[in-house]
Amino acid sequence: MRQTIATISYLVRDYDEAIEFFVEKLGFDLTEDTCLEQELPGKRWVVVKPKGTDGCSLLLAKAVGVMQTSAVGKQSGGRVFLFLHTDDFWRDHETMKLNGIVFLETPRKEAYGTVAVFEDLYGNKWDLIEPLKDLL
């Protein structure tokens, strides 16, 4: 048996601001942006994923209602939410800083690789990680 997590639903306030963040600041690919107006006015199916991967993607889901809106930026209760692996930590760390990404700590070496925590546009925490080569 083989299973994978293909897509994670990621709550956003606005589709376009989220697309701009992921594509322009993190360098992700926009793989789909389909209008679903027949279901709900303004609803879209928006998918982004890191460049050069066929792995997991994020469905940018516009928050609707008080409960969803209040969860934007708090999807993991303040813990690191997502883990972005890279093959070159320092290249991506510098590019992300130039693009305005806020890192919450100084990069550090761990047993599993080089890592630093950063915030996305809503305050969710992410790890940028270059795993040790045998872990990639």
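Filter the cross-link list Lys97/Lys133; Lys62/Lys125; Lys62/Lys109; Lys62/Lys133; Lys74/Lys133 down to pairs whose alpha-carbon distance in this structure exceeds 29 Å.
Violating the 29 Å Cα-Cα cut-off are Lys62/Lys109; Lys62/Lys133; Lys74/Lys133.
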Note to self: Just to be sure I understand the model, the point goes 7 Å from the Cα along the line to the Cβ. What's the resulting Leu82 to Gln3 distance in nm?
What the structure shows: 2.2
Next item on the list: Compute the FRET efficiency between Val23 and Ala111 as 1/(1 + (r/R0)^6), taking r as their Cβ-Cβ distance and R0 = 41 Å, and round to the nearest 0.05.
Entry: 0.80
Next item on the list: Quick one: which residues, 5 or more positions from Glu32 or on another chain, have an amide H under 5 Å from its amide H? H modelled 1.01 Å from N in the peptide plane, none for Pro or chain starts.
Entry: Val47
Check: What per residue convex hull volume, in Å³, comes out for the stretch 63-136 when only alpha-carbon positions are used?
Finding: 97
Notebook entry, point to check: Using all Cα-Cα distances in the chain, what percent lands in each 10 angstrom bin from 0 up to the longest?
Noted result: 11, 40, 35, 12, 2
Next item on the list: Once you have all Cα-Cα distances for the stretch 37-96, histogram them in 5 Å bins from zero and send the whole-percent values.
Entry: 4, 12, 16, 20, 19, 15, 9, 4, 1
Check: How big is the gap, in Å, between the Cα center of the stretch 12-59 and the Cα center of the stretch 89-136?
Finding: 21
Note to self: Please report the antiparallel percentage of the DSSP beta bridges confined to the chain, to the nearest 5.
What the structure shows: 65
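In the neighborhood of Val80, defined by Cβ-to-Cβ distances under 15 Å, what is the net charge if each Lys or Arg adds +1 and each Asp or Glu adds -1? Intermediate values should be presented prior to the final figure.
Numbers: positive: Lys74, Arg79, Arg108, Lys125; negative: Glu105, Glu110, Glu119, Asp120, Asp127.
Around Val80, the charge tally is -1.
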Item checked: Descending principal axes extents, the stretch 9-72, alpha-carbon based, whole Å -> 35, 26, 19
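Values in this text are rule-based calculations from the coordinates and carry no lab data. The structure displayed is predicted, hence computed values, not measured ones. Heads up, the Cβs are rebuilt from the backbone with ideal geometry, glycines too, and the neighbour counts pull from every protein chain shown.
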